[in-house]
Amino acid sequence: MNLRIVGMDVFFSIKSWWRSRGTVFWSLLFPIMLILIFGAIFSGTGSSSYSVYVQDHDHSTMSSQLLDIMNKTGVLKITMVNDSENATAYIKANNIGCFLVIPEGYERSINQSFINPASRVNLTFYYDPTETGTTEVVRSVISNILQTMNMRLSQGRSIVGLSAQSTITEKFNYIDFFVPGMIGFTIMQQAIYGSIERNTKYRKDGILRKLLTTPITRSEWILAKMLFMLFLSFLTTTIAILVGVLVWGLKVNITPLMILTVVSSSFLFSGIGMIIGRFVKEEETADMAAGAISFPMMFLAGTFFPLALMPAFLQTVAQVLPLYYVNEALRNSMIYMNQTLAITNAAIVLVFAVVFFVAGVVLTKWRED
Amino acid sequence: MVTMRFKCPSCGEIASFSGGPGEELVVTCPSCMLSGKIRFPEDQEASYAIEVSHLKKVYGDLIAVNDISFKVRKGEVFAFLGPNGAGKTTTVEIIESIREPTAGTVTLLGEDTRTGFNKVKERISILPQEFHSFERFTVRETLEYFSYLYQKRADIEGIIAAMDLESHEKMLYRTLSGGLKQRVGVALSLVNDPDIVFLDEPTTGLDPKARREVWQVIANLRAQGKTVFLTTHYMEEAEFLADHIAIIHKGRIIAEGSLDHLITKYGQGSVLRIQGCTSPDAIAILKEQGYDAHSEGNGSLAVTITYKDRVLDVLSTLRHAAVDYESIEIRRSNLEEVFLTLTGAKLLEAEA
């Protein structure tokens with residue numbers, strides 16, 4: 001391995017990349033624009049899904065009346081959860097955005113309030129902060145119902161309250177969800193299209209044939225290109241984080257798992273690009289093939305919107321897409337700080353990376369048939 | 001007896017001399033008249049830069065290269081000539097180890113490419129067909145990039161100057177004209193000061209001016225003593241540049257040798273045109289002596305001659321018969337005629 005050659009190649013690649021305004025735009029400015037646009041759009045508005053899960057521990061007439069009122073709003077779609085389930089575990093396991101718990105003694109507390117004005121009861125509303133729009137609507141509807149109830153029961157005295165609790169310990173908003181997704185998406189685009197350019201355009205232009213007859217080895221070339229890819233990935237990540245922090249007040253944690261995910265995803269998507277470049281020789285066709293793979297991933301892997309907003313079958317599809325795990329690993333390692341999910345998703349990304357990169361390297365040939 | 005090319009250490013002139021293996025000769029440079037000793041190699045095989053033996057490449061039912069064998073001497077321009085689709089690029093890419101042969105062997109500078117290709121990478125350089133370098137490198141950066149890949153590096157400044165690229169060295173590669181791109185491509189072939197330069201159709205698609213520029217560059221490579229393996233489908237390119245020509249047709253080499261040899265052996269003869277000849281008996285006199293002569297009108301006669309030294313015989317015959325004329329013109333047979341003789345088709349018609 002001649003590191004002098006590798007270093008020289010990386011240097012020239014960076015120089016060449018910097019000169020391409022189009023590439024720089026798609027690598028850096030496009031993600032920034034999306035972060036700004038999507039951040040602005042979703043920082044205060046809701047979504048159209050109003051599903052709420054309810055666990056009734058009271059099983060009383062009054063709790064049934066409350067559920068009936070909620071149902072009659074026509075806005076909420078209620079799914080009852082067995083009261084033997086642990087609420088937080090159930091929410092996590094089923095990826096639930098809105099979950100209402102009616103506590104045991106709900107009816108008794110309301111009745112007591114007529115004798116003892118200090119008596120009151122709180123319902124617990126668990127919500128996923130990343131689904132800002134949905135949860136705000138649901139919370140607002142329930143609050144209104146409770147306010148009306150309080151008004152009728154006691155001319156406005158607060159007898160039934162709503163205690164909101166995030167399913168994640170901190171309070172997050174859409175931009176916290178979006179920035180890691182944008183990082184994953186940009187790395188994917190850069191790596192896949194970069195690999196394709198090297199494997200189709202360079203082949204067509206005779207550069208690979210020329211290199212084959214020079215002392216540079218295929219391993220040195222691939223190493224140099226991967227180092228360049230890592231440079232781009234970390235540059236993109238840094239800029240996305242900076243924009244998120246400076247414009248939207250994003251709170252980011254730089255963790256080893258996040259770095260591992262950035263590195264793994266660079267290798268993973270480069271591998272996918274190499275495989276495409278191996279089987280699709282024409283540059284234009286390869287670009288189309290890359291688009292056919294990356295665009296569905298972009299929309300189905302939870303990059304811009306939470307999976308919960310999608311139909312169940314699409315949520316299942318997302319689970320086989322590598323970008324989904326990259327996004328989840330990044331979110332949990334740099335924003336939500338859920339170590340279990342971060343480790344699990346980062347490990348899956350690592351496995352994907354090893355499989356696709358090794359396959360890509362094995363399949364990539366400089367020699368002609 | 002071996003004929004070899006030697007470069008004058010004083011003026012750089014290349015001259016050919018003949019001698020036996022191991023023989024020492026005192027020779028004089030035809031240009032600067034410097035005298036000195038030259039020695040022919042002991043082993044004749046060592047004078048070959050490229051040796052190709054029974055090369056074959058098969059794709060399914062198609063035999064792209066069919067049992068090809070030839071040798072290229074060090075320091076010569078070897079033109080591999082044939083129509084498109086004849087198997088030129090497949091052959092050259094096998095020689096360059098870009099493709100695997102179905103059968104046969106290739107030796108470059110004494111190394112079998114199956115086992116020793118890595119050893120000769122430093123000493124060879126290629127310009128692939130339709131080569132386009134990195135678009136966003138400048139000319140200088142392109143040369144520097146490829147130069148860094150080698151241990152042995154030629155002086156970039158010297159290459160830029162020799163290739164007349166000084167005024168373009170800061171231009172991005174993608175902004176260059178086709179001719180300049182090819183010139184840069186040939187310049188890239190020199191960054192490691194190679195012993196063998198492979199140029200695969202270096203002038204295809206270029207206008208006549210750009211083509212002439214590339215020819216000049218190739219002529220300079222020969223002047224520097226490089227072995228040049230030139231793949232081309234342009235007859236005039238081979239005629240202008242090559243010391244040795246191999247003609248490939250349908251995957252086989254159908255003729256090989258120097259331009260003179262090929263024309264003499266396969267050409268339809270040269271034509272001696274005698275103008276301003278007023279004698280009505282001239283044609284009869286020439287025919288009597290066995291020449292193929294006919295009138296072209298206006299006092300012009302055309303005589304087909306097989307060998308160039310017979311021109312004097314024709315003129316001598318006329319002088320003895322007291323036939324006057326004003327001028328003569330000789331039109332040589334060319335490679336197009338050679339190809340026509342060998343294949344029954346013109347080269348462009350033969351393209352697959």
* Asked: Within the range B:188-222, restricting attention to residues that are away from every other protein chain (no Cβ under 14 Å) and assigned to a loop (DSSP other than H, G, I, E, B), which residue is surrounded by the fewest Cβ atoms within 10 Å (Cβ to Cβ)?
  -> B:ASP207
* What about A:VAL326, is it at pLDDT below 90 and away from chain B (no Cβ under 14 Å)? -> no
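Here is a yes/no grid of residues against (1) closer than 17 Å to A:ALA353 by Cα; (2) touching a residue at least 24 places away in the same chain (Cβ under 8 Å); (3) facing chain B (nearest Cβ under 9 Å):
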position: A:ILE192; (1), (2), (3): yes, yes, no
position: A:ARG209; (1), (2), (3): no, yes, yes
position: A:ARG218; (1), (2), (3): no, yes, no
position: A:TRP221; (1), (2), (3): no, yes, no
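Conditions (1) β-branched (Val, Ile, Thr); (2) over 21 Å from the mean Cα position of the chain (by Cα); (3) closer than 30 Å to B:SER125 by Cα, marked per residue:
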| position | (1), (2), (3) |
| --- | --- |
| B:LEU230 | no, no, yes |
| B:ILE248 | yes, no, yes |
| B:GLY267 | no, no, no |
| B:ASP281 | no, yes, no |
| B:ALA284 | no, yes, no |
| B:LEU301 | no, yes, no |
| B:ILE305 | yes, yes, no |
| B:ASP313 | no, yes, no |
| B:LEU318 | no, yes, no |
* **Hey, B:GLY257 assigned by TED's automatic domain parsing to the domain that holds B:ILE63, buried (at least 20 other Cβ atoms within 10 Å of the Cβ) and of a type outside the set (D, E, K, R) or not** => no
* Asked: Could you list, in sequence order, the residues of the range A:81-95 that are touching a strand residue (DSSP E or B) at 6+ places or on another chain (Cβ under 9 Å) and of a type outside the set (Ser, Thr, Tyr)?
  -> A:VAL81, A:ASN82, A:ASP83, A:GLU85, A:ALA87, A:ILE91, A:ASN94
* Asked: Just checking, how many residues over the range A:323-342 are under 11 Å from the mean Cα position of the chain (by Cα) and part of a helix (DSSP H, G or I)?
  -> 10
* Asked: Is at least one residue of the range A:206-223 within 24 Å of A:LEU28 (Cα to Cα) and of a type outside the set (A, V, I, L, M, F, W, C)?
  -> no
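Per-residue answers, yes or no, for (1) at pLDDT 80 or above; (2) surrounded by 13 or more Cβ atoms within 10 Å (Cβ to Cβ); (3) closer than 30 Å to A:GLY244 by Cα; (4) among the small types (Gly, Ala, Ser):
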site	(1), (2), (3), (4)
A:GLY22	no, no, yes, yes
A:PRO31	no, yes, yes, no
A:PHE38	no, yes, yes, no
A:PHE42	no, yes, yes, no
A:GLY46	no, yes, yes, yes
A:ASP56	yes, yes, no, no
A:SER63	yes, yes, no, yes
A:ASP83	yes, yes, no, no
* Structure fact -> Restricting the range B:149-162 to residues that are part of a helix (DSSP H, G or I) and aliphatic (A, V, I, L, M), the one nearest to the other protein chains (Cβ to nearest Cβ) turns out to be B:ILE156
* When you scan the range B:314-336, how many residues do you find that are modelled with pLDDT of 85 or more and surrounded by 13 or more Cβ atoms within 10 Å (Cβ to Cβ)? -> 8
* Just wondering, is there one or more residues in the range B:76-91 that are more than 23 Å from B:PHE339 (Cβ to Cβ) and either in contact with a strand residue (DSSP E or B) (Cβ under 8 Å, 6 or more places away or on another chain) or not polar (S, T, N, Q) (or both)? -> no
* **Enumeration of residues in the range B:101-122 that are in contact (Cβ under 8 Å) with a residue 40 or more places away in the chain, over 18 Å from B:ASP193 (Cα atoms) and acidic (Asp, Glu)** => none
* So which residues in the range A:159-188 are within 24 Å of A:ASN71 (Cβ to Cβ) and modelled with pLDDT of 80 or more, if there are any at all? -> A:ILE159, A:VAL160, A:GLY161, A:LEU162, A:SER163, A:ALA164
* Structure fact -> Only one of B:LYS209, B:LYS226 is within 13 Å of the chain's Cα centre (by Cα) and assigned by TED's automatic domain parsing to the domain that holds B:PHE131, namely B:LYS226
* To do: For A:LEU314, state whether it is surrounded by 16 or more Cβ atoms within 10 Å (Cβ to Cβ), assigned to a helix (DSSP H, G or I), among the hydrophobic types (A, V, I, L, M, F, W, C) and within 17 Å of the chain's Cα centre (by Cα).
  => no
* Any chance the range A:277-288 includes a residue that's part of a helix (DSSP H, G or I), in contact (Cβ under 8 Å) with a residue 12 or more places away in the chain and within 14 Å of another protein chain (Cβ to nearest Cβ)? -> yes
* Considering every residue within the range B:13-30, establish whether at least one is within 28 Å of B:TRP215 (Cβ to Cβ), exposed (fewer than 13 other Cβ atoms within 10 Å of the Cβ), among the small types (Gly, Ala, Ser) and touching a Ser or Thr at 6+ places or on another chain (Cβ under 7 Å). => yes
* **Residue match in the range A:342-361 (condition: more than 14 Å from chain B (Cβ to nearest Cβ), under 30 Å from B:PRO128 (Cα atoms), surrounded by 16 or more Cβ atoms within 10 Å (Cβ to Cβ) and not aliphatic (A, V, I, L, M))** => yes
* To do: Select the helices (runs of 4 or more DSSP H) contained entirely in the range B:233-307, then report the ones holding at least 2 residues which are more than 30 Å from B:ILE63 (Cβ to Cβ).
  => B:259-266, B:282-288
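The values are calculated or read from the model by the stated rules, or taken from the named source; none is laboratory data. On a predicted model such as this, the values are computed, not experimentally measured, just so you know. Heads up, the Cβs are rebuilt from the backbone with ideal geometry, glycines too, and the neighbour counts pull from every protein chain shown.
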